[in-house]
Amino acid sequence: MASPLRLLLLSTPVGPLGSGLGGGVELTLRNIAQEMVQRGHSLTILAPTNSRLEGLVIQEVPGNLQITAQTQGRDSPISLPENSVLANLWDAACQMHHSYDLLLNFAYDWLPFYLTPFFDRPIAHLVSMGSLTAAMDQVIEQTIERFPNTIGVHSRAQADTFSFSDRCVVLGNGLDLSLYQFQPQPQNALAWVGRIAPEKGIEDAIVAAQATGATLKIWGAMTDPDYWQMVCKNHPQANFSYEGFLTTEHLQQCLGHCRGLLMTPKWIEAFGNVAIEALACGVPVIAYRAGWPCRNCSRWQNRLAGYI
């Protein structure tokens with residue numbers, strides 16, 4: 001490293017850091033920020049009001065949160081709420097960016113990509129989801145054509161959802177394994193960890209756990225209460241419980257006592273941080289082969305029952 005870099009990190013606008021509303025983006029941003037500081041770089045994090053990351057200084061930006069992309073239809077138009085925190089984040093970046101060498105965007109939203117040509121500092125974009133809307137695909141492709149090697153993704157499977165996959169830089173994810181402890185004595189319980197949202201497929205995990213007779217413990221941010229109430233109504237006799245949203249420190253302690261982690265997404269996961277977190281605790285991961293559910297779910301449940 002010839003000289004330290006001055007980095008400006010712009011967080012997701014769907015929720016404050018530490019709330020869990022941003023999903024894996026929150027963990028990824030924290031890990032990158034901590035590693036950059038350890039390597040001698042200086043950085044500023046712009047994030048929505050009430051954001052918290054232990055050991056990192058955050059400049060909070062007020063405004064209304066953005067609607068998540070995964071709740072939108074394929075042909076949904078681009079929209080911003082009144083007093084948008086996304087717009088306010090990038091307005092702050094516009095005023096500050098001359099003091100930095102590089103901007104790193106964590107938002108899966110149209111505006112940062114559109115604004116990229118208007119900044120005279122380079123902007124790198126870490127894309128956190130696969131192809132969801134036509135408008136997002138178009139603006140990301142326009143950005144990668146004009147600014148090659150500025151679009152990073154978490155996995156090849158994620159990249160392959162885009163028509164321009166060969167031009168995406170696959171970065172993977174890095175986790176601080178010192179934060180996780182191996183637990184040698186599992187309890188008769190299975191775990192499910194993630195945002196409480198339809199694309200995560202909690203109902204599949206409940207049915208699978210019910211077939212084995214094991215308790216299912218569910219951790220994650222309650223992003224869609226209506227979906228959760230529907231799941232509870234549809235499975236009144238199942239043995240499962242919602243354990244809330246926990247910090248990494250507390251989650252790994254609880255997760256480590258489970259016999260296995262179920263991963264049941266109904267979409268293409270960009271990476272799946274929780275799989276690595278579970279393995280770091282010594283917990284086996286039981287998952288679909290890909291982001292889409294297996295057509296023969298009963299056969300998958302039978303295999304799970306045999307495993308446990």
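The values are calculated or read from the model by the stated rules, or taken from the named source; none is laboratory data. Computed from a predicted structure; not experimentally measured. Glycine gets a Cβ as well: all are built from the backbone with ideal geometry, and neighbour counts include every protein chain shown. Keep in mind that these areas ignore ligands, DNA and RNA; they rest on the heavy atoms of the full protein, side chains included. Shrake-Rupley method; radii C 1.70, N 1.55, O 1.52, S 1.80 Å.
Peptides 177-187, 7-17, 139-149, 39-49: what's the order by average Cβ count within 10 Å, highest mean first?
Going by the mean number of other Cβ atoms within 10 Å, highest first, we get 7-17, 39-49, 139-149, 177-187.
Determine Rg/Rh for segment 146-227; Rg is computed over alpha-carbon atoms and Rh is the Kirkwood hydrodynamic estimate from the same atoms.
1.10
If Lys and Arg each add +1 and Asp and Glu each add -1, what is the summed charge of the other residues whose beta carbon sits under 10 Å from the beta carbon of THR12?
Around THR12, the charge tally is -2.
Counting Lys +1, Arg +1, Asp -1, Glu -1, what net charge surrounds CYS168 among other residues with beta carbon under 11 Å of its beta carbon?
-1
Where does the chain land at 222 nm, in deg cm²/dmol rounded to the nearest 500, when only DSSP H runs of n ≥ 4 count, each adding -39500 (n - 2.57), divided by all residues?
Here the helix-only value at 222 nm equals -9500 deg cm²/dmol.
In whole Å, what three semi-axes, largest first, describe the equivalent ellipsoid of segment 1-79 built from its Cα gyration tensor (square root of 5 times each eigenvalue)?
In descending order, the three semi-axes are 27, 14, 11 Å.
Show me, for segment 176-186, the HN-Hα J-couplings you get by feeding each phi into the Karplus relation (A = 6.51, B = -1.76, C = 1.60, θ = phi - 60°), rounded to Hz, glycine and proline as x.
7, 5, 5, 7, 10, 10, 6, 10, x, 10, x
Give me the percent of the accessible area of the chain that comes from carbon and sulfur atoms, probe 1.4 Å, all protein chains in place.
Taking all protein chains in place, the chain shows 52 percent carbon and sulfur surface.
At each listed q (0.09, 0.12 Å⁻¹), what is the log10 of I(q)/I(0) that the Debye formula gives for the chain modelled as equal alpha-carbon point scatterers?
-0.47, -0.83
How much net charge surrounds PRO186 when only the other residues with a Cβ under 15 Å from the Cβ of PRO186 are counted, with Lys and Arg +1 and Asp and Glu -1?
+2
Per residue, what accessible area does the chain have, given a 1.4 Å probe and all protein chains present, in Å²?
Ligands and nucleic acids excluded, the figure is 48 Å² per residue.
Using the C-alpha gyration tensor of segment 136-273, what are the square roots of 5 times its eigenvalues, in whole angstrom, with the largest one first?
Output for segment 136-273: semi-axes of 33, 20, 12 Å.
Ranked highest first by the average count of other Cβ atoms within 10 Å around their residues, in what order do 190-201, 153-164, 243-254 fall?
Sorting 190-201, 153-164, 243-254 by mean packing, highest first, produces 190-201, 153-164, 243-254.
If you take the alpha carbon radius of gyration of segment 49-203 and divide it by 2.2 N^0.38 Å, what ratio comes out, to two decimals?
Taking the Cα Rg and dividing by 2.2 N^0.38 Å, one obtains 1.21.
With just the Cα atoms of segment 62-122, tell me how far they stretch along each of the three principal axes, in Å, largest first.
37, 23, 16
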